[in-house]
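The values are calculated or read from the model by the stated rules, or taken from the named source; none is laboratory data. Treat the numbers as computed from the prediction; the structure is a model and nothing was measured. Here the Cβ is made from the backbone with ideal geometry for all residues, glycine too, and neighbour counts use every protein chain on show. For accessibility, only protein heavy atoms count, side chains too; no ligands or nucleic acids. Shrake-Rupley method; radii C 1.70, N 1.55, O 1.52, S 1.80 Å.
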Amino acid sequence: MAEKIYTPAAPEPIGPYSQAVRVGMTVYLSGQTPIDPATGELAGAGIAEQTEQVCKNLGAVLEAADLSFNDVVKANCYLLDMGDFAAFNEVYARYFVSEPARACVAARELPKAGRVEVEAIAVAVAG
C-alpha cells in the first residue's frame, strides 16, 4: 500500500494529489512549483529565484520522507521558457549534485504563472 508523504514546509497541494507517495523503497515526488509555503505567493519573478524555491520545496518533501537530493534517481523539469535553461541549470546543479537522470522540457503554461516546476523519483537505499 502507498504511504502519503506530507510536510507543511512545502506548499499545500493545489489539487487532489499528495506532495509525495512512498511505495516500498521508492518515493514519487509531485511537481513542486516556486510557491513560498510561508506566503502562498511566487518566490520572485526571475528563473533563479523561482528555481531556488522549487529546490527548497523539493528538499522539504525529501526530508519529510527521510531522504535527500542524493537519493533522487530521476527528475522531470518543466520550464516556461527554454531561454531560462542555463540559469535554471546553475541553481539546479547546486542541489542535484548526484546528477540523476533527467528530462527538461518547455511547458506552455505552469500553475500559478510560475516559470519552473520539477518532479522527482527518489529511492531509499538500505545500508
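Data for the structure
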| item | result |
| --- | --- |
| 0 to 90° range, to nearest 10: angle between helix 85-95 axis and the chain longest Cα axis | 30 |
| Length added when fully stretched, D36-K74, from 0.36 nm per residue minus Cα-Cα | 11.3 nm |
| Principal-axis tilt of helix 47-64 within the chain, Cα atoms, nearest 10 degrees | 10 |
| Accessible carbon and sulfur surface of segment 1-123 relative to its total accessible area, %, 1.4 Å | 54 |
| Those lysines that a straight Cα-Cα span of less than 19 Å connects to K56, excepting residues fewer than 8 apart in one chain | K74, K112 |
| 222 nm mean residue ellipticity, helices alone, for the chain (DSSP H n ≥ 4; -39,500 (n - 2.57); rounded to 500) | -7500 deg cm²/dmol |
| For the chain: accessible area per residue (Å², 1.4 Å) | 53 |
| Distant-in-sequence amide H partners of Q32 (H built 1.01 Å from N, under 5 Å) | V118, E119 |
| Cysteines in the chain lacking a second Cys C-beta under 4.7 Å | C55 |
| Label point distance in nm, V97-D66, each placed 7 Å from Cα along Cα→Cβ | 2.3 |
